[in-house]
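Asker: Input: one structure, supplied below.
The values are calculated or read from the model by the stated rules, or taken from the named source; none is laboratory data. Here the structure is a predicted model, which is why all the values come from computation and not from measurement. FYI the Cβ positions are ideal-geometry reconstructions off the backbone, even for glycines, and counts take in every protein chain you see. With ligands, DNA and RNA removed, areas are computed over all heavy atoms of the protein, side chains included. Shrake-Rupley method; radii C 1.70, N 1.55, O 1.52, S 1.80 Å.
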Amino acid sequence: MNSRQPIPVVVLAGFLGSGKTTVLNHLLAHRGGTRIGVVVNDFGSIEVDAMSVAGQLGDSMVSLGGGCLCCAVDGSELDAYLEKLAAPVHRIDVIVIEASGLAEPQEMVRMLVANENPGVRYGGMVEVVDAAEFDATRTRHPETDRHLAVADLVVLNKTDRVDAAERARIEKELAALCAPGIPVVGADHGRIDPELLFDRRPWTETRGQLSFEDLLAEAEDHGDDHEVGHEVGQGHSGHAHAAYESVEFVSEQALSPRRFIDFLDRRPAGLYRIKGFVYFGVPGHQERYEVHAVGRFLRFAPQPWGRGEARLTQLVLIGSGTDGPGLLSELEACREPAPHEARPESMWGVLRYVARPADPEAEAPEAVL
């Protein structure tokens, strides 16, 4: 990610026992060279020892090694720590907030959407649900339904503990509780593809110096019995996320903003993430538009083209059970042969999802499809 662009902040929510921390640890363990800022209410929930803590940084912030930082905060401190994590010196690529114990997820979403710090931007809310305890959790925590209603992506964890019929019943219940089209990702032991939430950079640190990446690689090679090693062993590289499909689309021709927004409005629930850049070429809007979608959350960010950079659209779509050729065909239909003839109002649908720092409250209703 370009460090000059706002850092996406992903909210990871879920009740005690859902496997939320396991999901977070899995993301940290399989982040590649991505530098992650983590905000939690208790350092004890993160496998600090396994991550070779490099030392205290002060003010309740510790280094997890390999560029990751972790903050222990309460709700009133959230803005201050987001500002700390967004400091250029840390070169953080993405921030993940474990919502439990900090605030109601919807309150955190409001705080993030209204946050005026130009260094960060809301990146979507992920709700982790325990498949084996779904009914019991809803009984103990009636607010579960409220949390699901504002989720952009649901991780149905511990699917290995329920049979196919029970899983289908729960997925049907979730479809009724969530906003229309919210995708549900099945997982066991919290194993989801980090690419569903953020881009993974390649490892660049030198091997052989007991970095966290070295420990993970050794665990993969030797089937380490440690919890992190167990997860890696359970999901070898190339096999951990076989259920996900990735489709790439490139076009040297501009896309029609209206047809592209229509495509996004109709995207299937199995399409978990869309990332990349779009060229619309409409007069007055000829920048490249970064697009970031997690579940039903959608955001565009206009950026200048680099010197000599070709004007084109490059998209990656990640999902499960989706029709790859069909998606590509729909995107092909979005091509616009004469973008210079388009009227400026054709961009209104796109501009709804562009952050407007000067009026943070106005954008809140538009952040989620």
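Asker: Check which residues have an amide H placed less than 5 Å from ARG288's amide H, if you skip close sequence neighbours.
Answerer: Close amide H contacts, sequence-distant or interchain: GLN303, TRP305.
Asker: Counting other Cβ atoms within 10 Å of each Cβ, which GluC sites (Glu not before Pro) in region 250-299 have at most 11 and sit in a DSSP loop?
Answerer: Values: sites: GLU252, GLU287, GLU290; in loops: GLU252, GLU287.
Here the sparse-neighbourhood loop sites are GLU252.
Asker: Accessible area of LYS84, 1.4 Å probe, to the nearest 10 Å²?
Answerer: Rounded to the nearest 10, that gives 80 Å².
Asker: Report the local net charge at HIS147: Lys and Arg +1, Asp and Glu -1, summed over other residues whose C-beta lies under 10 Å from its C-beta.
Answerer: Details: positive: ARG146; negative: GLU104, GLU127, GLU143, ASP145.
Counting the neighbours of HIS147, the net charge comes to -3.
Asker: Using 1/(1 + (r/R0)^6) with R0 = 30 angstrom and r between the beta carbons of ASP163 and GLU143, what's the FRET efficiency to the nearest 0.05?
Answerer: Numbers: r = 28 Å, r/R0 = 0.93.
Here the calculated transfer efficiency is 0.60.
Asker: Tell me which lysines have Cα within less than 23 Å of LYS84's Cα, excluding those fewer than 8 residues away on the same chain?
Answerer: Straight-distance partners of LYS84: none at all.
Asker: Per 0.36 nm of contour for each residue apart, how much would the distance between VAL250 and SER329 grow if the chain were fully extended, relative to their Cα-Cα spacing? Before the final figure, lay out each step's value.
Answerer: Values: separation 79, 0.36 × 79 = 28.44 nm, distance 1.21 nm.
Extending this stretch completely gives an extra 27.2 nm.
Asker: Turning to a different aspect of this structure: Pull up all non-local amide H partners of VAL185: gap of 5 or more, or a different chain, and H-to-H distance under 5 Å with H placed in the peptide plane.
Answerer: Under 5 Å from the amide H of VAL185: VAL154, VAL155, LEU156.
Asker: Next up: Which residues does a label at ALA338 reach in region 270-301, if reach means a backbone N under 15 Å from a point 7 Å past the Cα toward the Cβ?
Answerer: Within reach of a label on ALA338, which here means backbone N under 15 Å from a point 7 Å along Cα→Cβ, region 270-301 contributes 282-283.
Asker: Let me ask something else. Taking the Cβ-Cβ separation of LEU312 and LYS172 as r and a Förster radius of 51 Å, what is the calculated FRET efficiency to the nearest 0.05?
Answerer: That pair, LEU312 with LYS172, gives E of 0.80.
Asker: Per residue of region 330-337, what does 6.51 cos²θ - 1.76 cosθ + 1.60 with θ = phi - 60° give for ³J(HN,Hα)? Whole Hz please, x for Gly and Pro, Karplus curve as stated.
Answerer: After applying 6.51 cos²θ - 1.76 cosθ + 1.60, I find 5, 5, 4, 5, 7, 4, 10, x Hz.
Asker: Probe of 1.4 angstrom, ligands and nucleic acids ignored: what's the accessible area per residue over region 130-199, in square angstrom? Let's see the in-between values first.
Answerer: Working: 2970 Å² over 70 residues.
Here the residues of region 130-199 average 42 Å² of exposed surface.
Asker: Can you tell me which lysines have their Cα less than 23 Å from the Cα of LYS20? Leave out same-chain residues fewer than eight positions away.
Answerer: Straight-line reach from LYS20, under 23 Å: LYS158, LYS172.
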